[in-house]
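*Asks:* This is the structure, below, for whatever I ask next.
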Amino acid sequence: MNNKPRKKNKTLRKPFSGLIKALKWLLKPPRNIFSFIWRWFLSLFGKKGSIYKAQGAHFISGYPGSGKTLFQNQIIRELDSDKYFCLANLDEFAGVKSFKLEDMFRKGKQIAKFPTVDEKGRKIWAVIFDEINLSFNRRMNRSKEYNELFIGLIEFLISHRHQGIPRVYFIGQKLDLQDTQLQSLFKFQHEIIDTKRRYKYWYYHLFEFLKIPVKIGIVNRVKNLEDEFIEINYDKIKIARTSLLTYNTKALAKMYEALPEVKTN
């Protein structure tokens, strides 16, 4: 006779855990029902961190040096590079091709389209717009130069899924600094909370030490039916010491290299 204990039915484990959570809510309902529904959905069908990779428009915010681009780079590094590829407006991520905003948007229109399949047969996973505040300052939103780019960008953002682009990531400073039209189209917000603990790592190709945060804290928010961002959870992500080897931390500096030096007395 086989006395080995039977294995539990894995297909029943997750639904039951969700049912238990639902019963707990009936006994003691949370303050935020939307947050509860989202957590319950992830417990049934999702994985931890899947909100970062959900389809839609994401906004990654945080103060300068908090780790916004570092976080975006980590998302890219977790992809299967044999199946998917990404595009970005700055040449800063290893293995990610860059484009110019002027080649995509001009005279208030989208004049080109992003490829959905590359020369290797890989599918596009996301389009990334980094340092968005440098290109779109709200105080300039009545100028011709601003609107010639911005209106085309909004056209793309509204129709990106119809164009075969499942995800769009914007990286910038505070949410309040963004144009109100952009704010209305963001579905997810990931606010980077900088942690004070950092360690130095020697980058031989740069011939210098760079400080890397040990962990990055992230406050995740999702927009509800009332068009308000609701906090879902708070995560901490460990940062590998070699993470800065896969993206250029000084990509933005190229924009200012050709400028003449200021005259000083």
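The values are calculated or read from the model by the stated rules, or taken from the named source; none is laboratory data. Everything numeric here is computed off the predicted structure, so don't read it as measured data. Note that we place each Cβ from the backbone using ideal geometry, even for glycine, and neighbour counts take in every protein chain shown.
*Asks:* Name the pairs whose Cβ atoms lie under 6 Å apart, with the first residue in region 217-244 and surrounded by 17 or more Cβ atoms within 10 Å (Cβ to Cβ), the second basic (Lys, Arg) and not in a strand (DSSP E or B), and 6 or more positions between them or separate chains?
*Replies:* Hits for this filter: 223/187.
*Asks:* Oh, and also: Taking the conditions exactly as written (closer than 25 Å to residue 192 by Cβ and not β-branched (Val, Ile, Thr)), does residue 149 satisfy them or not? Break it down into steps so the answer makes sense when it comes.
*Replies:* Details: closer than 25 Å to residue 192 by Cβ: no; not β-branched (Val, Ile, Thr): yes.
Judged against the criteria, residue 149 is not a match.
*Asks:* Further question: In the list 112, 94, which residue meets the criterion of being free of Cβ contacts under 8 Å to residues at least 24 places away in the same chain and either of a type in the set (A, V, I, L, M, F, W, C) or on the phi > 0 side of the Ramachandran plot (or both)?
*Replies:* None of the others qualify; the one that does is 112.
*Asks:* Filter region 214-265 for residues that are in a helix (DSSP H, G or I) and not aromatic (Phe, Trp, Tyr) and give the result.
*Replies:* The answer is 241, 242, 243, 244, 245, 246, 251, 252, 253, 254, 255.
*Asks:* A further question follows. Which residue is farthest from residue 249 (Cα to Cα), if the candidates are limited to region 48-78 and must be modelled with pLDDT of 90 or more and aromatic (Phe, Trp, Tyr)?
*Replies:* 52
*Asks:* Among the residues of region 35-47, are any at pLDDT 90 or above, surrounded by 12 or more Cβ atoms within 10 Å (Cβ to Cβ), among the small types (Gly, Ala, Ser) and under 28 Å from the mean Cα position of the chain (by Cα)? First the steps, then the outcome.
*Replies:* Narrowing region 35-47 to residues at pLDDT 90 or above: none.
No: zero hits.
*Asks:* Right, another one. Can you name the residue in region 92-129 that is part of a loop (DSSP other than H, G, I, E, B) and in contact with a helix residue (DSSP H, G or I) (Cβ under 6 Å, 6 or more places away or on another chain) and is also nearest to residue 60 (Cα to Cα) among such residues?
*Replies:* 92
*Asks:* Can you tell me which residue within region 169-213, out of those that are part of a loop (DSSP other than H, G, I, E, B) and closer than 25 Å to residue 134 by Cβ, is modelled with the lowest pLDDT? Please lay out each step first, then the result.
*Replies:* Restricting attention to region 169-213, the residues satisfying the condition of being part of a loop (DSSP other than H, G, I, E, B) are 173-174, 178-179, 186-187, 195-197, 204-207.
Next cut, closer than 25 Å to residue 134 by Cβ only: 173-174, 178-179, 186-187, 206.
On the way: 173: 89, 174: 89, 178: 92, 179: 92, 186: 96, 187: 95, 206: 57.
Among those that are part of a loop (DSSP other than H, G, I, E, B) and closer than 25 Å to residue 134 by Cβ, it is 206.
*Asks:* Oh, and also: Name the single residue that is nearest to residue 80 (Cα to Cα) among those in region 125-158 being free of Cβ contacts under 8 Å to residues at least 12 places away in the same chain and polar (S, T, N, Q).
*Replies:* Step by step, filter region 125-158, then rank; the result is 137.
Residue by residue, here is whether (1) surrounded by 14 or more Cβ atoms within 10 Å (Cβ to Cβ); (2) closer than 24 Å to residue 239 by Cβ; (3) β-branched (Val, Ile, Thr) holds:
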| residue | (1), (2), (3) |
| --- | --- |
| 95 | no, yes, no |
| 102 | no, no, no |
| 107 | no, no, no |
| 110 | yes, no, no |
| 123 | no, no, no |
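*Asks:* What about residue 90, is it under 26 Å from residue 143 (Cα atoms) and surrounded by 12 or more Cβ atoms within 10 Å (Cβ to Cβ)?
*Replies:* Taking the combined requirement at face value, the residue satisfies it.
*Asks:* Would you check which residues across region 156-176 are more than 14 Å from residue 55 (Cβ to Cβ), out of contact with any Pro (no Cβ under 8 Å at 6 or more places or on another chain) and surrounded by 15 or more Cβ atoms within 10 Å (Cβ to Cβ) and list them?
*Replies:* 156, 170, 171, 172, 175
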